[in-house]
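For reference, the structure discussed in these notes is given below.
Values quoted throughout were computed directly from the atomic coordinates according to the rules given, and no laboratory measurement underlies them. Everything numeric here is computed off the predicted structure, so don't read it as measured data. Every residue, glycine as well, gets a Cβ built from its backbone with ideal geometry; the counts of neighbours run over all protein chains shown.
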Amino acid sequence: MTNTEAPSSHLAPDPADLHRLLSGTHHDPHAVLGAHEYSDHTVIRAFRPNARTVTALVGDARYPMQHIDSGVFAVAVPFVDLIDYRLEIGYPTPDGGTFGPTVADAYRFLPTLGELD
């Protein structure tokens, strides 16, 4: 997908898409989550319920993601044709800090279910 809008104008998904995603009824979550290419940047969205922080790791660069709503995080990164990135997830700890894994975002891969699945 290509678009020329400013990065901040589309960090949050469409409200109807967000509602369907959060209620577990969205028919195509890949259309909302993962990396979405625009003319001069890419928006990455992730769904990480209960996370305090999410950071997109692209090469050696770190991009803290903005919490949009109910566990949905997003960031615009200055790349197009983004192939590989990771997510560093920060879950709250009892002492007020954060702890969590660095993971490959499952939504950066194409959907693999077919018509018979």
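For the chain, modelled as a GNM whose springs connect Cα atoms under 10 angstrom apart, the maximal fluctuation among SER70, SER23, SER39 occurs at SER23.
Structure remark: mean-square fluctuation, Gaussian network model of the chain, C-alpha springs under 10 Å; the largest value among HIS30, HIS41, HIS19 belongs to HIS19. Residues LEU110, LEU22, LEU33, ranked from the fewest to the most other C-beta atoms within 10 Å, line up as LEU110, LEU22, LEU33. Charging the Cβ of each Asp and Glu at -1 and of each Lys and Arg at +1, and nothing else, the dipole of the chain about its Cα centre rounds to 380 debye. Ranking GLY96, VAL32, SER70 by Cα position along the charge dipole of region 1-104, where only Lys, Arg, Asp and Glu carry charges on their C-beta atoms, puts GLY96 farthest toward the positive end. Counting beta carbons within 10 Å around each of ASP105, ASP17 and listing the fewest first gives the order ASP17, ASP105. Near LEU57, once Lys and Arg are set to +1 and Asp and Glu to -1 for all other residues with Cβ below 11 Å from its Cβ, the sum equals -2. The order of THR25, THR42, going from fewest to most other C-beta atoms within 10 Å of their C-beta, is THR25, THR42.
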